[in-house]
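Asker: Dropping the structure in here first, questions after.
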Amino acid sequence: MKVLIVGGGGREHAIAWKAAQSKKVDKLYCAPGNAGIAEAAECVDIGVMDFDKLIAFAKEKEIDLTVVAPDDPLAAGAVDAFEAAGLRVFGPRKNAAIIEGSKAFSKDLMKKYNIPTAAYETFDSPKAALSYVETADMPIVLKADGLALGKGVLICQTREEAKEGVKTLMLDKQFGSAGDRIVVEEFLTGREVSVLSFVDGRTVKVMTSAQDHKRAGDGDKGLNTGGMGTFSPSPFYTKEIDEFCQKNIFQPTVDAMRAEGREFKGIIFFGLMLTPKGPKVLEYNARFGDPETQVVLPRMKNDIIDLFEACIDQTLDQVELEFEDNAAVCVVLASEGYPEHYEKGYVISGLEKFKENPGYYVFHAGSKWNEKGQMVTNGGRVLGVTAVGKDLKEARANAYKAADWVEFGNKYMRHDIGKAIDEV
Ligand code: AMP
Ligand code: GLY
């Protein structure tokens, strides 16, 4: 089989690495890919939003299966475009990807179908939003309705911050038209857990749990980022909680989407808060998480191509998802200054160690080959270093050991990824 993966970050590297192990795959392409992905797949210089070129490429190369990984092309209808061209493709159609693309949509869906989530109000007018926060309880959470690179969420401790926040999103348009409409929601407390699942329109099969660390600095200080590290499984996601979520969140969400005429096929990523009153949905994503994928896939026993096909063919009920009884930790190596200003172009060394040591993986997010043939930094998040271990503590020690193998200019990482496991 010939397979094309659309995307070019750490998540896509993990997907490509896993797909390359499939017995079914003869040839793997990735568009646009990156310097690390090039080891697992042939990279093709086509952007993720260039549907016409992607489709022309898939036809020319007779691609048997395309996997669309990032949120933007999914929300913009990449899957619909591939299907219209008669091509086999994995991912939700545009009318289903809205579960991530519009927070107002997903909140209304949860309310209508009694899926536990934070109480909320939606506003199209800055004036109405301002008058609402004037009397609402603090802290409060403001969310831009549309996609904002995971950064359109403001947690406001005081009324002043909340009013400032409404201005930032709706008047200054810091996230563009994503902030034309906002969701204002109750602040929840508890442990956050990411649960990724395969969905075939009817059946949902959850992968193992994970936890992300979104803030830039140790102790969850600093700005929100795309994710600075992850661990899997989450020790807080117990069997009882899983049973509750299966019954009250996962299956009801899939059923709700079908009832709305928006059958969802692909990955649903449930961002959950384990509150004192039980698990509640913080957000849905219509795709694999980054960097959750970098800890979940190294633990998955199944052939990932089987799962993509089962979702498309609606035979997921016949598949048993299996994970290793171990743990994994991913530490993101970023450029100092991320997520704001940072320099690029520093030579990366130490990567050969990963080839010599099984159980250690380096997934590239922002790297490239320069004209001298050196691997250099090319982004805010540069690499995700993942290691497995028999338990979370061992995996964490291994991941930090491997993080020290790698050197590049302005290398920055958090030192407390997985610290929460010490509290268990
Ligand atoms: P989201 O993109 O909706 O996942 O929000 C980004 C982050 O903001 C989440 O991972 C949480 O850490 C935080 N967050 C979102 N909604 C809430 C909420 N209602 N209460 C507390 N924290 C929240
Ligand atoms: N790690 C969070 C996300 O992928 O949205």
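Asker: Does any residue in the stretch 404-424 that is surrounded by fewer than 14 Cβ atoms within 10 Å (Cβ to Cβ) come within less than 7 Å, Cβ to Cβ, of a residue that is not in a loop (DSSP other than H, G, I, E, B) six or more places away or on a different chain, and which pairs are these?
Answerer: So the pair list comes out as 407/349; 415/218.
Asker: Turning to a different aspect of this structure: Just one of (1) assigned to a loop (DSSP other than H, G, I, E, B); (2) closer than 22 Å to residue 284 by Cβ trips up residue 137, so point out which.
Answerer: Condition not satisfied by residue 137: (2).
Asker: Identify, please: which residue in the stretch 238-283 is within 16 Å of ligand 1 (Cβ to nearest atom) and aliphatic (A, V, I, L, M) and is, among those, nearest to residue 91 (Cα to Cα)?
Answerer: That would be 267.
Asker: Pick from 307, 297, 316: which is out of contact with any Lys or Arg (no Cβ under 7 Å at 6 or more places or on another chain), more than 16 Å from ligand 1 (Cβ to nearest atom), closer than 25 Å to residue 63 by Cβ and of a type in the set (A, V, I, L, M, F, W, C)? Full working, then the answer.
Answerer: Numbers: 297 fails: out of contact with any Lys or Arg (no Cβ under 7 Å at 6 or more places or on another chain); 316 fails: out of contact with any Lys or Arg (no Cβ under 7 Å at 6 or more places or on another chain).
So the residue among 307, 297, 316 that is out of contact with any Lys or Arg (no Cβ under 7 Å at 6 or more places or on another chain), more than 16 Å from ligand 1 (Cβ to nearest atom), closer than 25 Å to residue 63 by Cβ and of a type in the set (A, V, I, L, M, F, W, C) is 307.
Asker: Continuing with the same structure: For residues that are free of Cβ contacts under 8 Å to residues at least 60 places away in the same chain and among the small types (Gly, Ala, Ser), tally how many sit in the stretch 174-201. Walk me through it before giving the result.
Answerer: Keep residues of the stretch 174-201 that are free of Cβ contacts under 8 Å to residues at least 60 places away in the same chain, which gives 174-180.
Retained after the next criterion (residues that are among the small types (Gly, Ala, Ser)): 176-179.
Total meeting the criteria: 4.
Asker: So, in the stretch 222-259, of the ones that are within 13 Å of ligand 2 (Cβ to nearest atom) and part of a strand (DSSP E or B), which residue ends up surrounded by the fewest Cβ atoms within 10 Å (Cβ to Cβ)?
Answerer: Per the criteria, the residue is 224.
Asker: Tell me the residue from 190, 217, 201 that is more than 16 Å from ligand 2 (Cβ to nearest atom) and over 25 Å from residue 144 (Cα atoms), please.
Answerer: 201
Asker: If you take the residues of the stretch 397-416 that are basic (Lys, Arg) and closer than 22 Å to residue 338 by Cβ, which of them is nearest to the chain's Cα centre (by Cα)? Please lay out each step first, then the result.
Answerer: Applying the first criterion (basic (Lys, Arg)) to the stretch 397-416 yields 401, 411, 414.
Remaining after also requiring closer than 22 Å to residue 338 by Cβ: 411, 414.
Working: 411: 23, 414: 19 Å.
Here the residue is 414.
Asker: Do the conditions hold for residue 181, that is, is it modelled with pLDDT of 95 or more and either away from ligand 2 (no atom under 16 Å from the Cβ) or among the aromatic types (Phe, Trp, Tyr) (or both)? Can you show your working first?
Answerer: Values: modelled with pLDDT of 95 or more: no; either away from ligand 2 (no atom under 16 Å from the Cβ) or among the aromatic types (Phe, Trp, Tyr) (or both): yes.
No: the conditions fail for residue 181.
Asker: What pairs can you find where one residue is in the stretch 1-30 and farther than 10 Å from residue 293 by Cβ, the other is among the hydroxyl-bearing types (Ser, Thr, Tyr) and surrounded by fewer than 24 Cβ atoms within 10 Å (Cβ to Cβ), and their Cβ atoms are less than 6 Å apart, with a gap of 6+ or different chains?
Answerer: Short answer, once both residue conditions are applied: 4/29.
Asker: Name the pairs: first residue in the stretch 128-145 and within 11 Å of residue 181 (Cβ to Cβ) and among the acidic types (Asp, Glu), second residue within 14 Å of ligand 1 (Cβ to nearest atom) and not in a helix (DSSP H, G or I), Cβ to Cβ under 6 Å, at least 6 apart or on different chains?
Answerer: Going by the 6 Å Cβ cut-off, the qualifying pairs are 145/102.
Asker: Next up: Could you check the stretch 22-73 and list, in sequence order, the residues that are within 21 Å of residue 367 (Cβ to Cβ) and hydroxyl-bearing (Ser, Thr, Tyr)?
Answerer: Listed by number, the list holds a single entry, 29.
Asker: Ok, one more. Tell me which of these residue 136 doesn't satisfy, since it passes every other one: (1) of a type in the set (Gly, Ala, Ser); (2) within 14 Å of ligand 1 (Cβ to nearest atom); (3) within 27 Å of residue 292 (Cβ to Cβ).
Answerer: The single condition residue 136 does not satisfy is (3).
Asker: Can you give me the number of residues within the stretch 114-127 that are in contact with a helix residue (DSSP H, G or I) (Cβ under 7 Å, 6 or more places away or on another chain) and within 19 Å of residue 188 (Cβ to Cβ)? Show your work before the answer.
Answerer: At the first step, the residues of the stretch 114-127 found to be in contact with a helix residue (DSSP H, G or I) (Cβ under 7 Å, 6 or more places away or on another chain) are 115-117, 120-123, 126.
Imposing the further condition that a residue be within 19 Å of residue 188 (Cβ to Cβ) reduces the set to 115-117, 120-122.
Total meeting the criteria: 6.
Asker: Mind listing just one residue for me: the one in the stretch 147-174 that is away from ligand 1 (no atom under 12 Å from the Cβ) and crowded, with 19+ Cβ neighbours inside 10 Å and, of those, nearest to residue 70 (Cα to Cα)?
Answerer: 169
Asker: Hey, another quick one. Cβ contacts < 9 Å: first residue over 17 Å from residue 359 (Cα atoms) and of a type in the set (Phe, Trp, Tyr), restricted to the stretch 287-309; second residue part of a loop (DSSP other than H, G, I, E, B) and within 11 Å of ligand 2 (Cβ to nearest atom), any location; separation 6+ or different chain. Result?
Answerer: Listed by first residue and then by second, the contacts come to 288/69.
Asker: What's the total number of residues in the stretch 196-221 that are more than 13 Å from ligand 1 (Cβ to nearest atom) and in a strand (DSSP E or B)?
Answerer: Pass one, the stretch 196-221, residues more than 13 Å from ligand 1 (Cβ to nearest atom): 196-209, 216-219, 221.
Now drop any that are not in a strand (DSSP E or B), which leaves 196-200, 204-209, 216-217, 221.
Of the residues in that region, 14 qualify.
Asker: Look at residue 307 and say whether it is at pLDDT 95 or above, in contact with a strand residue (DSSP E or B) (Cβ under 9 Å, 6 or more places away or on another chain) and assigned to a helix (DSSP H, G or I).
Answerer: Numbers: at pLDDT 95 or above: yes; in contact with a strand residue (DSSP E or B) (Cβ under 9 Å, 6 or more places away or on another chain): yes; assigned to a helix (DSSP H, G or I): yes.
Yes; evaluated as a whole, the condition is true for this residue.
Asker: Scan the stretch 1-22 for residues that are at negative phi and part of a strand (DSSP E or B) and jot them down.
Answerer: Passing the criteria: 2, 3, 4, 5, 6.
The values are calculated or read from the model by the stated rules, or taken from the named source; none is laboratory data. Since we're looking at a predicted model, the values are computed, not measured. Cβ: placed from backbone, ideal geometry, glycine included. Neighbour counts: every protein chain shown.
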